[in-house]
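Student: Here you go, one structure.
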Amino acid sequence: MTRPRPEPVQVVKQRRDAALSALVHGVPYIRFLGIEFDRRGDELTAIMPFDEKLIGNPMLPALHGGATAAFLEVTAIIGLGWSMLWEEMENGKLDPLAVDAQHLPRLPKTIDFTVDYLRSGLPRDAYARARVNRSGRRYASVHVEGWQDNRNRLFAQATGHFLMPPPRNG
């Protein structure tokens, strides 16, 4: 009895990237802010490229606090949504090709989100990573860290609690 040959790694990566792209591009506000996601295995890094519209105080200049908070919240929600999708893909419960604009999974809803502004966001690209502290059937807790030039020198961090969507049928 022979086992079927595994798919080439490039094909698996392309399907996972397509699933992530569909998840991210399903939220218009993410496109408005210009946020992108870099995937390495199951780890996501959010990137918010600098844009003049993100400046809140032109005298410094510094990123607007609302843009910073939105960036961290989007990172938390997509990070949490991706961890749910990743688990379904790895367990064979979801075909990555099934994640498209018409069949997007429901994203978690924010219960509360607390941002700590540690220093002014400079007029340059920003990066963030989310860490899911707890994810259950109904509730999740996520911590997000944002930095610019140095990963060890955060400019903002946040903690959020989210209501998980009901499981998908099928």
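No value in this document is a laboratory result; all are computed from the given coordinates. Note that the coordinates shown come from a computational prediction; the quantities given were computed from them, not determined experimentally. Please note: Cβ atoms are built from the backbone with ideal geometry, for glycine as well, and neighbour counts cover all protein chains shown.
Student: Between Pro4, Asn133, Leu72, whose Cα lies farthest towards the positive end of the dipole of the chain when Lys and Arg beta carbons carry +1 and Asp and Glu beta carbons carry -1, centred on the Cα centre?
Tutor: Pro4
Student: Sticking to Cα atoms, compute the Rg of the range 9-163 to one decimal and its Dmax as the biggest Cα-Cα distance, whole number, in Å.
Tutor: In Å, with Rg to one decimal and Dmax whole: 15.7, 53.
Student: So how tilted is helix 9-25 from the main axis of the chain? Cα-based, degrees 0 to 90, rounded to 10.
Tutor: Between helix and principal axis, roughly 50 degrees.
Student: Between Ser21, Pro165, Gly146, whose Cα lies farthest towards the positive end of the dipole of the chain when Lys and Arg beta carbons carry +1 and Asp and Glu beta carbons carry -1, centred on the Cα centre?
Tutor: Looking along the dipole axis, the top candidate is Pro165.
Student: Another question, then. If you put +1 on each Lys and Arg Cβ and -1 on each Asp and Glu Cβ, how big is the dipole of the range 1-79 around its Cα centre, in Debye rounded to 20?
Tutor: 460
Student: Just to verify a number: FRET efficiency for Asp116 and Ser21, C-beta to C-beta distance, R0 = 25 Å, to 0.05?
Tutor: That pair, Asp116 with Ser21, gives E of 0.25.
Student: Any idea what angle helix 65-90 forms with the longest principal axis of the chain, computed on alpha-carbon atoms, 0 to 90 degrees, nearest 10?
Tutor: 10
Student: Net charge within 13 Å of Thr45 by Cβ-Cβ distance, Lys/Arg positive one each and Asp/Glu negative one each, not counting Thr45 itself?
Tutor: Neighbour charge sum, excluding Thr45 itself: -1.
Student: Once R0 is set to 25 Å, what does the formula 1/(1 + (r/R0)^6) return for the Cβ-Cβ distance between Arg153 and Lys13, expressed as a FRET efficiency to the nearest 0.05?
Tutor: The calculated FRET efficiency here is 0.20.
Student: Report the relative contact order of the range 9-163, percent, no decimals, based on alpha-carbon pairs under 8 angstrom and at least 6 residues apart.
Tutor: 25
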